[in-house]
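The values are calculated or read from the model by the stated rules, or taken from the named source; none is laboratory data. Remember, predicted model here, so these are calculated numbers, not experimental data. Glycine gets a Cβ as well: all are built from the backbone with ideal geometry, and neighbour counts include every protein chain shown. With ligands, DNA and RNA removed, areas are computed over all heavy atoms of the protein, side chains included. Shrake-Rupley method; radii C 1.70, N 1.55, O 1.52, S 1.80 Å.
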Amino acid sequence: MSEASSRTLEPSDPPQAAEQPMEPSQANRSPATEPEEHQTQSQDNERPLEPQSREPEPEPEPAPPAYQEPPRPSLFIVHITPELAGVAKVGGLADVVFGLSRELAIRGNHVEIILPKYASMRYDQIHDLHEVYKDLWVPWYDAAIHCTVYFGFVHERKCFFIEPHSQDDFFNRPSIYGFQDDILRYAFFSRAAMEFLWKSGKHPDIIHCHDWQTSLVPVFLYEFYQPMGMTHPRVCLTIHNFAHQGVTGKEVLTATGLHRPEHFLDQVRMGDKRYRQALNLLKGGIVYSNFVTTVSPRYAYETKDQGQGFGLEPTLHTHHIKYGGVINGIDYDVWNPEIDRHIPVQYGLDSIERKYDNKRALRHRLMLAENEKAIVAFIGRLDPQKGLDLVRHAIFNTLERGAQFVLLGSSPDARINADFWGLKQMLNDSPDCHLEIGFDEELSHLIYAGADMMLVPSRFEPCGLTQLIALRYGTIPVVRAVGGLADTVFDKDHSARPLHERNGYVFKDYDNAGLESALGRAIACYNDFPNHFRDLMLNAMRSDYSWNIPGQDYLNIYDYIRDA
Ligand code: ADP
């Protein structure tokens, strides 16, 4: 085992009291029922009086106290993240931090989130934003950059926003990603987040970081902050996608003060396997963190053992003992057709027919023909990962099969965007097809509610949230059996699962024939066996992909690395 990994895994710190979380909810610590002795007392009082003449009966043996789970200590957890749904969302990472942080807080933990103060954020979604730390100086090259830290609530989540003041204008840009200096921007943010924790005296039990953007956090903790005395926090890294690893040159070491390039470029630390003399930030995150998760068990297996790790397979093997998959949940406060304010008609299991009012509204909004046809939808980033050639094929195949197609997607890649604009132009006159090129959260809700099927034909898919959201809205997923899609969607006709757990259509091979077989079965069922299709919708809506189970899984991981 490498020096770095063995040292971070070892609980080398002397045991010390965790910094008290600021407002741990005590609610879940108090027993749910009255204490045992009070119950016995009140029962005694209600017992009818016995005739005086009878021998007093011996006192009954007191019942042994019912076993109660010992209350788990609440943890102080800090997420350091480049994205957060509501204010700064590009993909699923944003939803995960949003949903998981809430679940952890509901369970009585103190949760804070640190993210950059992007100029492009949705400031209308931040409540009570105010300055809390005026003069944070973050080491950068041979000098330091002056930052201001703000605090605000994003839908009740406690968030700190770091704003650097320098000519680099790291976050004062029109979008979140897509700049040549992205790696330096997030290296700076990671260093600033750690410096903020240190200077403000916060010693969380757990620092939870995400993807390559914040993979330097455990490196900084180990190299700079543990030696200064910050020995308490343990780090969990979640990898949402192995396709992006932050591969870069030595410059980032100079910028962040990680001198000794030969040390960090070593293959057991951050040396990239494919590009000589290049650093791999995600690899550093894996090596230096106490635990590494990815977002589904199947993707954990695919990345370690099935060649899907984009070169990080050997690293995952070396560190397999601290690597695992936790399926993402979705936030049912946001994605719930019973309370969704973005859709015109709310519905649930008992009122599923009202879903069709949303279908009508969707057609009206997108100017699609009103008819008996099924609507197949695709929502997602227009990225080759999402199976764009199959999406394209599915559009024509759906129309040939007498159904309608709706697409909502966008890409930072101008060529891909242009490609889909061309397709949109070509299909402009079709009354059964609408392609919406752009990012529109509100429209996405209407599509989830109004469509009959949701297509997710990904080449690879770490977890996938679209199929989970679709399930909640009774919109039947048609997916390829990869990553989290294989862990969450079970084929109506071919799954080994019991009938009531089957909730969609699945195909294996990444080709047109595979796609057509699943899509064809789905549309045929909709047309010819409406009762079966309805049963499938009910199964889908009953599937539980809330944060309840994954929230507990993460707490188990946190406990494990705290105790290790
Ligand atoms: P990824 O993280 O690879 O982008 P996921 O399926 O995990 O994919 O998460 C995608 C999230 O982004 C879902 O919440 C989906 O509804 C949303 N989304 C993707 N593209 C768009 C878009 N163009 N407009 C609105 N929401 C979108």
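Structure above, values below:
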| item | result |
| --- | --- |
| Residue in the range 363-378 that is of a type outside the set (S, T, Y), surrounded by fewer than 16 Cβ atoms within 10 Å (Cβ to Cβ) and within 21 Å of V295 (Cβ to Cβ) present | no |
| F188, sole failed condition from (1) in contact with a strand residue (DSSP E or B) (Cβ under 6 Å, 6 or more places away or on another chain); (2) over 20 Å from D95 (Cβ atoms); (3) of a type in the set (A, V, I, L, M, F, W, C) | (1) |
| Residues of the range 420-445 that turn out to be within 23 Å of L515 (Cβ to Cβ) and in contact with an Asp or Glu (Cβ under 9 Å, 6 or more places away or on another chain), as a count | 1 |
| Residue within the range 231-238 that is free of Cβ contacts under 8 Å to residues at least 60 places away in the same chain, on the phi < 0 side of the Ramachandran plot, under 17 Å from the mean Cα position of the chain (by Cα) and buried (at least 24 other Cβ atoms within 10 Å of the Cβ) present | yes |
| Residues of the range 291-310 satisfying the condition of being in contact (Cβ under 8 Å) with a residue 40 or more places away in the chain and out of contact with any Pro (no Cβ under 8 Å at 6 or more places or on another chain) | F291, V292, T293, P297, R298, E302, T303, Q308, G309, F310 |
| Qualifying residue in the range 476-495 (condition: more than 12 Å from the ligand (Cβ to nearest atom), under 24 Å from W547 (Cβ atoms) and part of a helix (DSSP H, G or I)) | yes |
| Residue that is nearest to the ligand (Cβ to nearest atom), among those in the range 421-441 that are within 21 Å of R401 (Cβ to Cβ) and in a helix (DSSP H, G or I) | K424 |
| Conditions (1) part of a helix (DSSP H, G or I); (2) of a type outside the set (D, E, K, R); (3) closer than 20 Å to S517 by Cα; (4) more than 9 Å from the ligand (Cβ to nearest atom): number failed by Q467 | (4) |
| Residue match in the range 260-271 (condition: surrounded by 24 or more Cβ atoms within 10 Å (Cβ to Cβ) and not charged (D, E, K, R)) | yes |
| Contacts under 7 angstrom Cβ, first residue in the range 453-477 being in contact (Cβ under 8 Å) with a residue 12 or more places away in the chain, partner of a type in the set (D, E) and within 12 Å of the ligand (Cβ to nearest atom), 6 or more apart | L465/D95 |
| From V111, V78, V87, residue being within 18 Å of the chain's Cα centre (by Cα), under 18 Å from R173 (Cβ atoms) and open to solvent by less than 30 Å² (accessible area, probe 1.4 Å) | V87 |
| First in the range 415-443 and on the phi > 0 side of the Ramachandran plot, second anywhere and of a type outside the set (F, W, Y) and within 14 Å of the ligand (Cβ to nearest atom), Cβ under 8 Å, 6 or more apart | G438/L408; G438/S410 |
| Filter result (under 15 Å from S411 (Cα atoms) and open to solvent by 100 Å² or more (accessible area, probe 1.4 Å)) within the range 423-443 | F439 |
| Residues of the range 507-564 classified as of a type in the set (S, T, Y) and not in a loop (DSSP other than H, G, I, E, B), total | 5 |
| Qualifying residue in the range 447-461 (condition: over 29 Å from D305 (Cβ atoms), modelled with pLDDT of 95 or more and near the ligand (Cβ under 9 Å from one of its atoms)) | yes |
| Residues located in the range 242-257, provided they are open to solvent by less than 60 Å² (accessible area, probe 1.4 Å), without any contact (Cβ under 8 Å) to a residue 40 or more places away in the chain and of a type outside the set (G, A, S) | V247, L253 |
| From the options P204, P174, residue that is open to solvent by 20 Å² or more (accessible area, probe 1.4 Å) and either on the phi < 0 side of the Ramachandran plot or part of a loop (DSSP other than H, G, I, E, B) (or both) | P174 |
| Residues satisfying the stated conditions in the range 475-516, i.e. open to solvent by less than 60 Å² (accessible area, probe 1.4 Å), under 25 Å from Q306 (Cα atoms) and of a type in the set (S, T, N, Q) | T488, S495 |
| Among residues of the range 379-394, those that are away from the ligand (no atom under 16 Å from the Cβ) and either part of a loop (DSSP other than H, G, I, E, B) or open to solvent by less than 10 Å² (accessible area, probe 1.4 Å) (or both), counted | 1 |
| In the range 447-468, the residues that are open to solvent by 10 Å² or more (accessible area, probe 1.4 Å) and aliphatic (A, V, I, L, M) | L465 |
| Complete set of residues in the range 94-135 that are hydrophobic (A, V, I, L, M, F, W, C) and assigned to a loop (DSSP other than H, G, I, E, B) | A119, M121 |
| Check on S444, among the polar types (S, T, N, Q) and either assigned to a loop (DSSP other than H, G, I, E, B) or away from the ligand (no atom under 11 Å from the Cβ) (or both) | no |
| Residue ID - most open to solvent (accessible area, probe 1.4 Å), chosen from residues in the range 327-361 that are within 16 Å of the ligand (Cβ to nearest atom) and of a type in the set (F, W, Y) | Y332 |
| Residue in the range 269-288 that is nearest to E223 (Cα to Cα), counting only those that are among the charged types (D, E, K, R) and modelled with pLDDT of 95 or more | R269 |
| Sole exception among (1) within 21 Å of L485 (Cβ to Cβ); (2) open to solvent by 10 Å² or more (accessible area, probe 1.4 Å) for T398, by number | (2) |
